[in-house]
1. Only residues that are of a type in the set (S, T, N, Q), in contact with a helix residue (DSSP H, G or I) (Cβ under 8 Å, 6 or more places away or on another chain) and in a helix (DSSP H, G or I): list them for region 54-84, please.
2. Is there a residue in region 126-144 that is acidic (D, E) and either closer than 24 Å to L54 by Cβ or in contact with a Pro (Cβ under 6 Å, 6 or more places away or on another chain) (or both)?
3. Residue check: is L132 crowded, with 20+ Cβ neighbours inside 10 Å, in contact with a Gly (Cβ under 6 Å, 6 or more places away or on another chain) and not β-branched (V, I, T)?
4. Tell me, yes or no, whether region 82-104 has at least one residue that is at pLDDT below 85 and closer than 22 Å to N148 by Cα.
5. Pull up region 155-171, narrow it to residues that are modelled with pLDDT of 90 or more and under 30 Å from N39 (Cβ atoms), then point me to the one that is surrounded by the fewest Cβ atoms within 10 Å (Cβ to Cβ).
6. When you look at V112, is it at pLDDT 90 or above, crowded, with 18+ Cβ neighbours inside 10 Å, of a type in the set (A, V, I, L, M, F, W, C) and touching a helix residue (DSSP H, G or I) at 6+ places or on another chain (Cβ under 7 Å), yes or no?
7. Output the qualifying pairs, or none if there are none: Cβ atoms under 6 angstrom, residues six or more apart or on different chains, first residue in region 139-155 and under 23 Å from V127 (Cβ atoms), second residue charged (D, E, K, R) and assigned to a helix (DSSP H, G or I).
8. Run N142 past the list (1) of a type outside the set (S, T, Y); (2) out of contact with any Asp or Glu (no Cβ under 6 Å at 6 or more places or on another chain); (3) surrounded by 12 or more Cβ atoms within 10 Å (Cβ to Cβ); (4) over 27 Å from A59 (Cβ atoms) and report the number of the one that doesn't hold.
Amino acid sequence: MKLDRLILAAGVFGCAVAFAQDPATVNQRRENQQDRIANGIQSGQLTAGETKNLEGQEANLNREVHDDRQADGGKLTQGEKQQVNQQQNHLSNEIHQDKTNGNVAKYGNNEVGQRRESQQDRIAQGVRNGSLTAGQTAKLENREQGINQKVAADRQANGGKLTGQQKQQIDKAQNQASRKIYRAKH
């Protein structure tokens with residue numbers, strides 16, 4: 001009887017270990033982290049710069065996993081699984097740190113700010129539903145970060161206000177960014 005329980009326990013443990021190392025778990029963890037990033041974008045807890053950095057790391061990890069699987073007939077070796085797990089742990093910690101560091105995306109209650117917030121929401125939706133890859137998101141966030149820096153610099157140069165010409169330039173940049181978001185998602 002004790003031998004039967006021991007064999008059953010060993011079998012259950014072996015299945016649990018196999019499931020924990022299954023490639024689907026790597027994929028599920030990636031999806032969970034993408035959801036956490038999307039939530040941070042939408043809530044404003046992640047700035048465009050932080051998101052660009054996180055998505056760049058995620059894209060690099062995705063490429064590494066893809067290359068490793070291609071080299072090993074579609075599967076990850078035990079050593080590769082451990083390495084991916086460590087990298088995902090590191091990325092998970094960075095997501096947490098960036099979301100709780102006190103930096104928040106500030107959009108303002110004006111037309112420019114509302115447009116920036118709307119575009120961040122569209123990016124977050126793309127991350128959440130999988131229509132944007134980590135690499136695409138990093139590129140889009142890089143563009144958003146550039147627009148945000150331009151707005152901040154223009155406002156600083158003009159006592160907190162934007163001139164009509166600056167608003168037109170920002171509107172043009174936001175239109176270009178909007179088209180890039182649409183193309184990346186579709």
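The values are calculated or read from the model by the stated rules, or taken from the named source; none is laboratory data. Keep in mind it's a predicted model, so treat the numbers as computed, not measured. Cβ placement follows ideal geometry from the backbone for every residue including glycine, while neighbour counts extend to all protein chains displayed.
1. Q57, N62
2. The answer is yes, given that some residue of region 126-144 is acidic (D, E) and either closer than 24 Å to L54 by Cβ or in contact with a Pro (Cβ under 6 Å, 6 or more places away or on another chain) (or both).
3. Details: crowded, with 20+ Cβ neighbours inside 10 Å: yes; in contact with a Gly (Cβ under 6 Å, 6 or more places away or on another chain): yes; not β-branched (V, I, T): yes.
Judged against the criteria, L132 is a match.
4. Yes, region 82-104 contains a residue that is at pLDDT below 85 and closer than 22 Å to N148 by Cα.
5. Result: D171.
6. no
7. E141/K52; N142/K52; Q145/K52
8. Only one criterion is unmet by N142, namely (4).
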